[in-house]
Amino acid sequence: MPLLLTSPVLPPGGMIAKEYTCDGSDISPPLAWSGAPPKTASFVLVVEDPDAPGGTFHHWAAYDIPATATSLAAGYRAGAPAPFALARNDFGKIGYSGPCPPPGSRHRYVFTLLALSRPNLALPPSADAQAVIGAALPYVVGRATLTASYQR
C-alpha cells in the first residue's frame with residue numbers, strides 16, 4: 001500500500017476553504033495519512049505554492065513528526081507551539097501561514113508528506129523550510145502529495 005495523504009477539508013484538486021488561509025483564521029487544515037513504509041522513523045510535512053510570482057513559496061515545514069503519527073489536527077498557526085519541530089516559512093514566521101495569493105490569481109498549494117528513515121533531523125531552531133527539505137531528502141523512504149487551490 002503506498003503512502004497516502006488526505007484531508008476531509010481539502011478535496012484533491014479542489015479549493016481550500018477560507019478558514020485555512022490568510023483571509024480566514026490562518027490555521028492549518030486537518031491532515032491524515034496511511035501506508036507508511038516499514039522503515040519510517042519520522043515524517044516531514046511541507047506546504048508549498050509553486051505558482052508564487054518569485055518562485056516556489058514555502059508556507060509550512062513541520063518535521064520530526066513521530067513515526068507513530070497518522071494525522072495532524074487542524075489549528076496549527078505561526079508562532080504557536082506544536083508537538084513536533086517547526087521551521088521558518090517564507091513569510092519569516094515559525095510555523096504555518098496559510099495561502100495568500102495576490103488578489104485575482106488562483107494558486108495551487110502542494111501538501112507533501114515525506115516518510116523518513118531517520119527519527120529526527122537535528123536542525124537548529126532557526127532552520128527554514130528549504131533547510132528542512134534539504135536535510136530530509138537523503139532519508140526519504142516514502143512520499144505523498146495532496147494539491148488544492150485558493151483564489152482571492
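Read the figures in this text as sums done on the coordinates, not as results from a lab. None of the values given here were measured: they were computed from a predicted structure. All Cβ positions, glycine included, derive from the backbone under ideal geometry; neighbour counts span all protein chains shown.
Using Cβ contacts closer than 10 Å as the measure, can you line up MET1, MET15 from fewest to most?
MET1, MET15
At q = 0.22 Å⁻¹, what log₁₀ I(q)/I(0) does the stretch 1-42 have when each alpha carbon counts as one equal point scatterer in the Debye sum?
After summing over all Cα pairs, the log10 values are -0.77.
Enumerate by residue number the trypsin sites (Lys or Arg not before Pro) in the stretch 4-112 meeting two conditions: DSSP loop (anything except H, G, I, E, B), and at most 14 other Cβ atoms within 10 Å of the site's Cβ. Walk me through the intermediate numbers first.
Values: sites: LYS18, LYS39, ARG77, ARG88, LYS93, ARG106, ARG108; in loops: LYS39, ARG77, LYS93.
Sparse-neighbourhood loop trypsin sites (Lys or Arg not before Pro): LYS39.
Just the number, please: Stokes-Einstein D of the chain in µm²/s, Kirkwood Rh from C-alpha pairs, 10 °C, 1.306 mPa s. If you can, show how the numbers build up before the last one.
Details: Rh = 15.2 Å.
Estimated via Stokes-Einstein, D reaches 104 µm²/s.
Rounded to the nearest 500 deg cm²/dmol, what is the calculated helix-only ellipticity per residue at 222 nm for the chain, with -39500 (n - 2.57) per DSSP H run of length n ≥ 4?
Calculated from helices alone, the mean residue ellipticity at 222 nm is -1500 deg cm²/dmol.
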